[in-house]
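The values are calculated or read from the model by the stated rules, or taken from the named source; none is laboratory data. Model, not experiment: these values are computed from the prediction. FYI the Cβ positions are ideal-geometry reconstructions off the backbone, even for glycines, and counts take in every protein chain you see.
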Amino acid sequence: MPFLIRFKALLTVFISFINNLPRKHFFALIILFVCLLVISFLPSQSEQNKNIKRQLTLPIQTLSEGEYSKAEPIDTEREQYGKSSIDFTGTREIQLIIKEGDSLSNLFQKEGLSAAVLHELQEADKSHLRLGNLVPGQEIKLLIDADNKLLALKMKIDFANTLSFVLKDSSYISLLETEKGEWRNSYYQGSVTGSFYINAKQVGLSAGQIQQISSALQEKFDFNRQLRAGDTFHVLVSKQYINGQYTYDSEVLAVLIKTNRQTYSAFLSEDGRYYDADGQGLGKAYRRLPVDGRPRISSGFNPRRLHPVTKRVRPHNGTDFAVGTGTKVYTIGDGIVQRAGYHPAAGNYIVIKHGRKYTTRYLHLSKIYVRKGQRIKMGRLIAKSGNTGRSTGPHLHYEFHIYNKPVNAMRVNLPLSKEISKKHKKAFNKRRDSFLKEMAEI
Ligand SMILES: [Zn+2]
């Protein structure tokens, strides 16, 4: 066995070499050996590369027409996918600009996406109600994989809102991103020479703000009969700006009408209602139920409800009242109709904003009696209940949101009395004084 003999000889030479080495060199050799051992256990460069599977390849200008353009990467979706192991090979991203007469269903058809996918998205949109009406000029981005499966959809709703849907474990999860922007106060004042409406317009108040002012003081002051030439008005308005641009979202915070006899005032509380300087409510209090009587609740608020068929968690964000089609539906508080329309899943629906804090929603209606932008008082008949959209039978689905998060409408702490509660009095006084200070009244 020449190999073994040769190896033995080599080993002997090596050992004698080591034995003859000075002590310092011997230790250096040991350290070198340990280092080599560690390096040999590190993953090689090629193995590291193996983990980078995702690669985005865009088709070579297959998209014709001016409405299509190569979209920017859909970053949030990319991040979402980064956590899972989806192969991005063959994925295409497209950007659509909505034109007059476009609908999501015909855009989906054009892209070869199935109606079932759209159905899924509409279900996921039930908690936002934003997919109903497309507006010309609106941008939609789609991320579609090699098998023509929709991985993500992202659309700009308005100045402040962007809605995304991302495919995860064979269903779509939705995300509404709202830019809070910046709320800045503007102060307006003027004196009455003729009609309040014209004088208020002259100083720069909008029609909506003027309506809000007269609605706030409606029960205390008659703008047609009680105003005299020379009376003055002082108004503090909060306006929303996003990237320096006014979004046309505004709130009248405080109003003072000074006549030669007395001053009438209205201050907006955080609860969306107006109170006078002493904390007396200027309008009616909220009501608990949007319908008369005490109808049976067929399905309560349940953020962890399992879908009866798919067994997936599909939150029930509202309270279902078992009422027949045609039952009268009232708004539970003063407010402004933020949206009203039709949604494939929610049917005819109304969203009412009660100040910045509260919002209420009414779904599956048979008839709608209000329109977007309309200011309404508590108890106003707004609709009749029904069975429209994807509904399992006639009922009213009612939602209550606090700062855009759904809460249990049957349990929420509502300002149910006319006067500001003792608990909130101190905060109200502080707010009132800060408004007055801004209006240079203190
Ligand atoms: Zn419901």
Query raised in the report: Any residue in the range 331-347 that is closer than 22 Å to residue 403 by Cα, within 16 Å of the ligand (Cβ to nearest atom) and not in a strand (DSSP E or B)?
Result: yes
Requested in this report: Could you check how many residues of the range 245-257 are over 23 Å from the mean Cα position of the chain (by Cα) and surrounded by fewer than 18 Cβ atoms within 10 Å (Cβ to Cβ)?
Outcome: 0
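Looking at the range 348-421, what strands (runs of 3 or more DSSP E) fall wholly within it and have at least 2 residues that are within 13 Å of the ligand (Cβ to nearest atom)?
Numbers: elements: 358-365, 381-384, 396-402, 405-407.
Strands (runs of 3 or more DSSP E) meeting the threshold: 358-365, 396-402.
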Report summary line: Sole miss for residue 320 among (1) more than 19 Å from the chain's Cα centre (by Cα); (2) assigned to a strand (DSSP E or B); (3) without any contact (Cβ under 8 Å) to a residue 60 or more places away in the chain is condition (3)
Requested in this report: Run down 242, 198, 173, 213 and say which single residue is of a type in the set (A, V, I, L, M) and touching an Asp or Glu at 6+ places or on another chain (Cβ under 7 Å).
Outcome: 242
Query raised in the report: How many residues does the range 290-308 hold that are assigned by TED's automatic domain parsing to the domain that holds residue 399, more than 14 Å from the ligand (Cβ to nearest atom) and touching a residue at least 24 places away in the same chain (Cβ under 8 Å)?
Result: 0
Report summary line: Within the range 155-184, residues within 30 Å of residue 441 (Cβ to Cβ) and surrounded by fewer than 16 Cβ atoms within 10 Å (Cβ to Cβ) come out as 180, 182, 183, 184
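Which of the residues belonging to the range 222-244 are within 20 Å of the chain's Cα centre (by Cα) and over 18 Å from residue 209 (Cβ atoms)? Can you show your working first?
Kept after step one, since they are within 20 Å of the chain's Cα centre (by Cα), are these residues of the range 222-244: 239-243.
Correct list: 242, 243.
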**Report entry** Residue in the range 314-324 that is within 15 Å of the ligand (Cβ to nearest atom) and surrounded by fewer than 17 Cβ atoms within 10 Å (Cβ to Cβ) present
**Finding:** yes
Report summary line: Exactly one of 371, 361 is closer than 19 Å to residue 130 by Cβ, touching a His at 6+ places or on another chain (Cβ under 9 Å) and not small (Gly, Ala, Ser), and that residue is 361
